[in-house]
Amino acid sequence: MPLYDDAVTKEIALEETLLQLADQYGPDSFMQMVRRLIPSTHIEANKRYNEVLLDDATHHYFESDTFQSLATSSQQAYRYEMNLFVRHCQGQKGSNPLLKEVTSAVFLAEYLSSVQKLNTRSKKAAFLRSFLGESYVHFFNSDIGKIKRILSIEMDRNREPRAFTKEQLDELFCLVRLGRESHRNFTILWTFLGSGIRLSELLHLQVGDVTPSRQEIQVRGKGKKGYKQPSKITKSALEILLAYINFRYQGVQDAPDYHERYIFSDDKGNSPLHESTVQKMLTVLIEEAKSIPSSDKKPYQLSVHSLRHSFALYLLESGVDIYTIKDLMRHKWLSSTEVYLKMFDSMLVAAIDKHPLAQLKASDLFAYREVLA
């Protein structure tokens with residue numbers, strides 16, 4: 001009798017626990033998990049592994065909580081990456097390959113190795129970790145296992161930031177006037193150099209984000225899903241930005257969505273430019289610039305982010321203290337800002353080496369001493 005009572009008690013406790021979980025996560029999510037756990041044999045799991053198509057995984061991912069919980073900018077970036085990945089898979093494995101065919105360590109390693117820029121490769125790997133991680137849990141009730149190591153690409157945190165020299169910046173501004181979309185691209189360069197904002201922050205600037213009275217722009221900070229932070233901007237850059245907005249949207253200031261329109265856009269402000277548009281623009285300018293040595297034209301030597309580095313470096317050169325620069329850069333930690341001290345030290349070393357006496361050979365100095373003796 002006690003055994004029976006104990007079994008009934010456990011059953012009641014289990015039922016209550018299950019009801020709580022269903023209430024906490026919702027009946028649909030709860031039942032999906034139960035259905036995943038029921039076919040637990042290796043045979044059934046292997047059968048599913050050989051039946052899931054890439055299209056099935058793609059459709060599920062875009063409907064999943066994993067994707068829906070991402071910031072809007074991340075969703076746009078991951079949709080773009082998904083398109084590139086699917087096209088690559090179709091070119092290698094056919095129109096609609098099995099998921100298992102495109103998730104081997106060898107296949108993924110080859111896909112990533114074709115990308116030269118480390119930061120771009122890291123972004124692709126982050127997308128694949130999200131996509132495949134969700135797909136493996138949903139379809140196979142497992143994690144991505146060994147392929148996770150292939151998708152774990154570490155950025156070189158010790159690599160010294162690179163900045164443009166003033167001579168190089170002058171040439172970039174001359175060259176940008178001669179290209180297509182010169183007014184827009186000229187404004188983009190000035191906004192970067194006048195505020196030090198990141199690429200994603202610039203692209204998501206909307207008309208209503210500009211506050212001339214406070215000499216500020218509101219930006220969506222790094223990792224801040226929709227949350228805006230104030231960022232100061234120089235007077236000259238602000239004037240150029242306001243002139244571009246007026247030129248671009250003159251005549252539609254009374255439109256209900258005027259303040260929500262993206263400043264830099266290809267479709268009348270409804271959506272922002274893609275990152276690649278700005279990256280390609282600057283890459284072309286760097287390639288054309290005669291003041292930039294060929295060694296700095298190699299992948300990830302000088303890039304869009306170098307404009308942010310230039311903003312910080314020339315503040316430091318002008319005598320602005322490191323704590324103020326930290327606030328202007330919107331760094332969370334002072335250690336993130338202190339890397340620019342290393343850049344500034346390198347500039348000082350280069351400057352002192354230009355001193356006329358620094359050009360003398362050691363043998364000449366010794367001979368001069370002997371003459372004096």
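What is the gain in length, in nm to one decimal, between Ser294 and Glu51 on full extension, counting 0.36 nm per residue of separation less the C-alpha to C-alpha distance?
82.5 nm
Under a 5 Å amide H cut-off, with hydrogens placed 1.01 Å from N, Gln229 pairs with Val219, Arg220, Gly221 among residues at least 5 apart or on other chains. Each residue of segment 255-271 was assigned a 3J(HN,Hα) from its phi angle through the Karplus expression (A = 6.51, B = -1.76, C = 1.60, θ = phi - 60°), giving 5, x, 9, 3, 6, 8, 6, 6, 5, 9, 8, 9, 10, 6, x, 6, 9 Hz with x at Gly and Pro.
Distance cut-off 30 Å, Cα to Cα: go down the list Lys232/Lys268; Lys232/Lys280; Lys228/Lys290; Lys100/Lys268 and report the pairs above it. Over 30 Å Cα-Cα: Lys228/Lys290; Lys100/Lys268. Each label point was placed 7 Å from the Cα along the Cα-to-Cβ direction; for Asp321 and Glu101 their separation is 6.4 nm.
Leaving ligands, DNA and RNA out of it, report the carbon-plus-sulfur percent of the accessible area of segment 195-337 at a 1.4 Å probe. Before the final figure, lay out the partial values.
Numbers: 3770 of 7350 Å².
The computed percentage sits at 51.
Between Ala13 and Ser64, the modelled label-to-label distance comes to 3.4 nm, taking each label 7 Å out from Cα in the direction of the beta carbon.
Summarising the amide proton neighbourhood of Val210: residues at separation of 5 or more, or on other chains, whose placed amide H is nearer than 5 Å comprise Gln218. Given the pairs Lys297/Lys342; Lys148/Lys332; Lys117/Lys342; Lys235/Lys326, which are separated by over 26 angstrom at their Cα positions? Lys148/Lys332, as the Cα separations exceed 26 Å there. Here the calculated FRET efficiency for His88 and Lys332, from their Cβ-Cβ distance with R0 = 56 Å, stands at 0.95, rounded to the nearest 0.05. A straight chain from Asp170 to Ser113 at 0.36 nm per residue would run longer than the Cα-Cα distance by 17.0 nm.
May I ask you to derive the FRET efficiency for Ser265 and Ser142 from their Cβ-Cβ distance with R0 = 41 Å, giving the value to the nearest 0.05? E(calc), rounded to 0.05, equals 0.45.
Karplus-based coupling profile of segment 200-217, in residue order and whole Hz: 4, 5, 5, 5, 9, 5, 10, 3, x, 7, 8, 10, x, 5, 9, 6, 9, 10, with θ = phi - 60° in 6.51 cos²θ - 1.76 cosθ + 1.60 and x standing for Gly or Pro. Taking 0.36 nm per residue of separation and subtracting the current Cα-Cα distance, fully stretching the chain between Leu21 and Tyr258 would add 80.8 nm.
When a 1.4 Å probe is rolled over the protein heavy atoms, the share of accessible surface on segment 63-190 that falls to carbon and sulfur comes to 47 percent.
The values are calculated or read from the model by the stated rules, or taken from the named source; none is laboratory data. What you are looking at is a predicted structure, and each value in this text was computed from that prediction instead of being measured. Please note: Cβ atoms are built from the backbone with ideal geometry, for glycine as well, and neighbour counts cover all protein chains shown. Accessible surface areas use protein heavy atoms only, side chains included; no ligands, DNA or RNA. Shrake-Rupley method; radii C 1.70, N 1.55, O 1.52, S 1.80 Å.
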